[in-house]
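Participant: Let me give you the structure first, and then I'll get to my questions.
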Amino acid sequence: MARAVSLRRKSLTTAAAWLFGFLIFFPILWMVLASFKTELEAFSTPPKFLFFDWTIENYGIVQERSDYLRFATNSIILAVGSTLVSLVFAVPAAWAMAFSPGKRTKDLLLWMLSTKMMPPVGALIPIYLLFRDGGLLDTRVGLIAVLFLLDLPIIVWLLYTYFKEIPGEILEASRMDGATLWREIVYVLTPMAVPGIASTVLLNIILAWNEAFWTLNLTTSDAAPLTVFIASYSSPEGLFWAKLSAASTMAIAPIMVLGWFSQRQLVRGLTFGAVK
Amino acid sequence: MTTIFLRGVSKTFGDVPVIRSIDLAIGDGEFAVFVGPSGCGKSTLLRLIAGLEDATAGRIEIDGADVTDVPPAKRGLSMVFQSYALYPHMSVRGNIGFGLRMAGEPKDVIRQKVEKAAAILNLTALLDRKPRQLSGGQRQRVAIGRAIVREPKAFLFDEPLSNLDAALRVQMRLEIAQLHESLARTMIYVTHDQVEAMTLADKIVVLQAGIIEQAGTPLELYHHPVNLFVAGFIGSPKMNFFATEVGAVDPRGVTVAMPGGHQVTVPVEPGSVRPGAKVTLGVRPEHLKPGDHGDLAGEVQVAERLGGETFLYLGIPGGQMIVVQADGDNPTRVHDRIAIRIDPETCHLFDADGRAIPRLRRHPLADMRHPTSQAN
């Protein structure tokens, strides 16, 4: 039932929503602005909002000092790679949990989530030693493995909730139509779950992209992603706010663009019309 | 030639028995309908035959082969689901052809077969639409198309019409009957709608609490229900029941007293029934004739006028309410006192355990079968 909403009320809620949105966005905006300031203006009091001498010299210095593209390439490889590896394991796992649950499925899900409750630093030393002895330190393969294990519980959970929404009868229909288990997953389940899988992939890429703890501790240069690139600007020489902001802006720009263009995919529902 | 045999089939979910050791034979080309109240296990039984559930015990045979442990894909059956269960991301063409694609048929053969099935079901103009662009009736046709295109050994229907509106339901019921006529394949159909069961079935299987109460032709169940449950379940409105006692027993039948004192001699085989035994008398509303005098009298409490017929709800001595089906033109009004006549030939008698006492004469239509189906 639609509720009659007065224009006044509507404009008030709209204004509140915009304000809230602005509040959330403000730190990012401030960072982008700071990247165009000189180091002096970047921490002047009172802070300057828009009226300062706009400059792009920070970007030039950052690019000169460190090779942005190398870090960015590593970030892409780590984020996409760990997500794809996770999917290969998570899709069948979530299928089993959603459509063929056993007695302990719920417990298993909870246990998987509980691994995310442990502070990662608790596992740092054993993992570090394993990496050192296995020659995995500062390698992309090693980091992909860590990020994959780190994200697997979240991905399984997300896919499980999406798969739960898919009517089991459609999968049963494909079984009656002669589809093997593998074909059922490839031809019926996956296409129906595309919006869910897409948003899971996107979310996970963002998580992996921003993951700083393991990437900082397990890499030095060869496999170092953008998180390391940013961190290098909080150096013993002191904080360079403007340059740090420029580096951060460069680091988050690709992921923001990706998020912007995949908004539609995130909210689209595909299963409408399948049942009833 | 498809026969389906269930031998001692049981199914339990956890500790809950849903199907209790069922034996059933479905003949070649037969249209079998499973009916029963919700939770009676009729859908589970169908899913066991389909292979979507694993039997806890017993054997399922299709054409003499034991398929108890064969996966659904290999049983050669087609199923039409209550929710239609169409693939939302595929066109109508893709939906109907999916089974053939899975079977690895060449593309041009799939195209031919899909178009043939679409023509039978009036779907040709819709072949390139997605399921969400179709109405309920059209979706149901696609689901049926998906079932027939594979030329299965038998068709399984799980309450296929319950999501449709009343008019469409009648139309699709006719189409399914015609489909059975033209394909002459074995069909098993689950419904809770006894009109669907009566009109479509060669054989109705009445289930309750996981066991078969009775299996037989529609008119056999109507005229010769084996127990109180089947008698009450088949027929609408429900059969009227009177708790009474046996007055006399002789070769012409068993004489019982009606509420109010009148005696009725029901033509049943007395068997072990003795005078004084507690029995239940059953009469269908359509077999009670209202008039000025008769075997039973009471006051009309409610009159439901449907136009073609009128249901009179009558309060009788003892506080019980019974239903009488009268003509649509019957002028009786609420609070009128009327009498009804009972034709003993149409009465049913059940012993203290609810089992029917067999009638002396079998109804002439009780064993009538559809010409294409074969008795087993």
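The values are calculated or read from the model by the stated rules, or taken from the named source; none is laboratory data. Remember, it's a predicted structure, so these values are computed and weren't measured experimentally. No Cβ is skipped: glycine too gets one built from the backbone with ideal geometry, and neighbour counts run over all protein chains shown.
Participant: Quick one: which helices (runs of 4 or more DSSP H) lie wholly within region A:28-102 and hold at least 1 residues that are of a type in the set (Val, Ile, Thr)?
Facilitator: Values: elements: A:39-42, A:57-65, A:68-99.
Helices (runs of 4 or more DSSP H) meeting the threshold: A:57-65, A:68-99.
Participant: Residue by residue through region B:235-247, note down the ones that are surrounded by 14 or more Cβ atoms within 10 Å (Cβ to Cβ) and either within 19 Å of B:Leu360 (Cβ to Cβ) or not small (Gly, Ala, Ser) (or both).
Facilitator: B:Pro237, B:Lys238, B:Met239, B:Asn240, B:Phe241, B:Phe242, B:Thr244, B:Val246, B:Gly247
Participant: Right, here's the next one. Considering only residues that are over 33 Å from the mean Cα position of the chain (by Cα) and under 30 Å from B:Pro267 (Cα atoms), which ones fall in region B:327-338?
Facilitator: The answer is B:Arg337, B:Ile338.
Participant: Which numbered condition trips up A:Glu39, out of (1) modelled with pLDDT under 90; (2) within 18 Å of A:Ile230 (Cβ to Cβ); (3) under 24 Å from the mean Cα position of the chain (by Cα)?
Facilitator: Going through (1) modelled with pLDDT under 90; (2) within 18 Å of A:Ile230 (Cβ to Cβ); (3) under 24 Å from the mean Cα position of the chain (by Cα) one by one, A:Glu39 breaks only (3).
Participant: Which one is nearest to B:Arg101 (Cα to Cα) among residues in region A:163-173 that are more than 7 Å from chain B (Cβ to nearest Cβ) and either out of contact with any Ser or Thr (no Cβ under 8 Å at 6 or more places or on another chain) or surrounded by fewer than 21 Cβ atoms within 10 Å (Cβ to Cβ) (or both)?
Facilitator: Result: A:Leu171.
Participant: I'd like the residue in region B:63-77 that is among the aliphatic types (A, V, I, L, M) and surrounded by fewer than 22 Cβ atoms within 10 Å (Cβ to Cβ) and, out of all such residues, is nearest to the other protein chains (Cβ to nearest Cβ).
Facilitator: In the first step, residues of region B:63-77 are kept if they are among the aliphatic types (A, V, I, L, M); the result is B:65, B:67, B:70, B:73, B:77.
Narrowing the set further to residues that are surrounded by fewer than 22 Cβ atoms within 10 Å (Cβ to Cβ) leaves B:65, B:67, B:70, B:73.
Details: B:Ala65: 17, B:Val67: 13, B:Val70: 12, B:Ala73: 4 Å.
So the residue we want is B:Ala73.
Participant: Name the residue that is surrounded by the fewest Cβ atoms within 10 Å (Cβ to Cβ), counting only residues in region A:36-69 that are farther than 10 Å from A:Lys243 by Cα and among the small types (Gly, Ala, Ser).
Facilitator: Among them, the one singled out is A:Ser44.
Participant: Which one of the conditions (1) surrounded by 15 or more Cβ atoms within 10 Å (Cβ to Cβ); (2) assigned to a helix (DSSP H, G or I) does B:Pro88 fail to meet, given that it meets all the rest?
Facilitator: All conditions are met except number (2).
Participant: Within region B:91-113, restricting attention to residues that are among the polar types (S, T, N, Q) and surrounded by fewer than 20 Cβ atoms within 10 Å (Cβ to Cβ), which residue is farthest from the chain's Cα centre (by Cα)?
Facilitator: Within region B:91-113, the subset among the polar types (S, T, N, Q) is B:91, B:95, B:112.
Retained after the next criterion (residues that are surrounded by fewer than 20 Cβ atoms within 10 Å (Cβ to Cβ)): B:91, B:112.
Numbers: B:Ser91: 34, B:Gln112: 36 Å.
So, considering only residues that are among the polar types (S, T, N, Q) and surrounded by fewer than 20 Cβ atoms within 10 Å (Cβ to Cβ), the one farthest from the chain's Cα centre (by Cα) is B:Gln112.
Participant: Okay, next question. Which of (1) at pLDDT below 95; (2) within 27 Å of B:Asp28 (Cα to Cα) does B:Tyr189 not meet, given it meets every other one?
Facilitator: Checking B:Tyr189 against (1) at pLDDT below 95; (2) within 27 Å of B:Asp28 (Cα to Cα), the one that fails is (1).
Participant: Residue check: is B:Gly99 more than 30 Å from B:Ile26 (Cα to Cα), of a type in the set (Gly, Ala, Ser) and either part of a helix (DSSP H, G or I) or within 12 Å of chain A (Cβ to nearest Cβ) (or both)? Don't jump to the end; show me each part of the working.
Facilitator: Values: more than 30 Å from B:Ile26 (Cα to Cα): no; of a type in the set (Gly, Ala, Ser): yes; either part of a helix (DSSP H, G or I) or within 12 Å of chain A (Cβ to nearest Cβ) (or both): yes.
Criteria not met by B:Gly99.
Participant: Still on this structure, please answer the following. Would you confirm, using the coordinates I've provided, whether B:Val80 is within 14 Å of chain A (Cβ to nearest Cβ), crowded, with 22+ Cβ neighbours inside 10 Å and at pLDDT below 95? Talk me through it step by step, then tell me what you get.
Facilitator: Details: within 14 Å of chain A (Cβ to nearest Cβ): yes; crowded, with 22+ Cβ neighbours inside 10 Å: yes; at pLDDT below 95: yes.
Answer is yes for this residue.
Participant: Can you name the condition, by its number, that B:Ser10 falls short on among (1) under 18 Å from B:Pro152 (Cβ atoms); (2) in contact with a Lys or Arg (Cβ under 7 Å, 6 or more places away or on another chain)?
Facilitator: Only one criterion is unmet by B:Ser10, namely (1).
Participant: Here's a follow-up. Is there a residue being away from chain A (no Cβ under 14 Å), in contact with a Lys or Arg (Cβ under 7 Å, 6 or more places away or on another chain) and not in a helix (DSSP H, G or I) anywhere in region B:191-209?
Facilitator: To start, the set of residues in region B:191-209 that are away from chain A (no Cβ under 14 Å) comprises B:191-209.
Pick out the ones that are also in contact with a Lys or Arg (Cβ under 7 Å, 6 or more places away or on another chain) and you get B:196, B:199-200, B:202, B:207.
Remaining after also requiring not in a helix (DSSP H, G or I): B:202, B:207.
The answer is yes, given that some residue of region B:191-209 is away from chain A (no Cβ under 14 Å), in contact with a Lys or Arg (Cβ under 7 Å, 6 or more places away or on another chain) and not in a helix (DSSP H, G or I).
Participant: Okay, next question. Does B:Met187 qualify as being surrounded by fewer than 20 Cβ atoms within 10 Å (Cβ to Cβ) and of a type in the set (A, V, I, L, M, F, W, C)? Let's see the steps before the verdict.
Facilitator: Details: surrounded by fewer than 20 Cβ atoms within 10 Å (Cβ to Cβ): no; of a type in the set (A, V, I, L, M, F, W, C): yes.
Considered against the rule, which asks whether it is surrounded by fewer than 20 Cβ atoms within 10 Å (Cβ to Cβ) and of a type in the set (A, V, I, L, M, F, W, C), B:Met187 comes out as no.
Participant: Tell me the residue from B:Ile148, B:Ile120 that is more than 14 Å from every other protein chain (Cβ to nearest Cβ) and in contact (Cβ under 8 Å) with a residue 12 or more places away in the chain, please. Show your work before the answer.
Facilitator: Values: B:Ile148 fails: more than 14 Å from every other protein chain (Cβ to nearest Cβ).
B:Ile120 is the lone residue from the list that is more than 14 Å from every other protein chain (Cβ to nearest Cβ) and in contact (Cβ under 8 Å) with a residue 12 or more places away in the chain.
Participant: Sticking with this one: Any chance region B:361-369 includes a residue that's assigned by TED's automatic domain parsing to the domain that holds B:Val266 and either of a type in the set (Phe, Trp, Tyr) or at pLDDT below 90 (or both)?
Facilitator: Scanning region B:361-369, I find no residue that is assigned by TED's automatic domain parsing to the domain that holds B:Val266 and either of a type in the set (Phe, Trp, Tyr) or at pLDDT below 90 (or both), so the answer is no.
Participant: What about B:Val279, is it buried (at least 16 other Cβ atoms within 10 Å of the Cβ), modelled with pLDDT under 90 and under 32 Å from the mean Cα position of the chain (by Cα)?
Facilitator: Against the criterion (buried (at least 16 other Cβ atoms within 10 Å of the Cβ), modelled with pLDDT under 90 and under 32 Å from the mean Cα position of the chain (by Cα)), B:Val279 does not qualify.
Participant: Looking at region A:168-218 only, could you name the residues that are of a type in the set (Phe, Trp, Tyr) and in contact (Cβ under 8 Å) with a residue 40 or more places away in the chain?
Facilitator: First, the residues of region A:168-218 that are of a type in the set (Phe, Trp, Tyr): A:182, A:187, A:209, A:213-214.
Of everything in region A:168-218, those that are of a type in the set (Phe, Trp, Tyr) and in contact (Cβ under 8 Å) with a residue 40 or more places away in the chain turn out to be A:Trp209, A:Phe213, A:Trp214.
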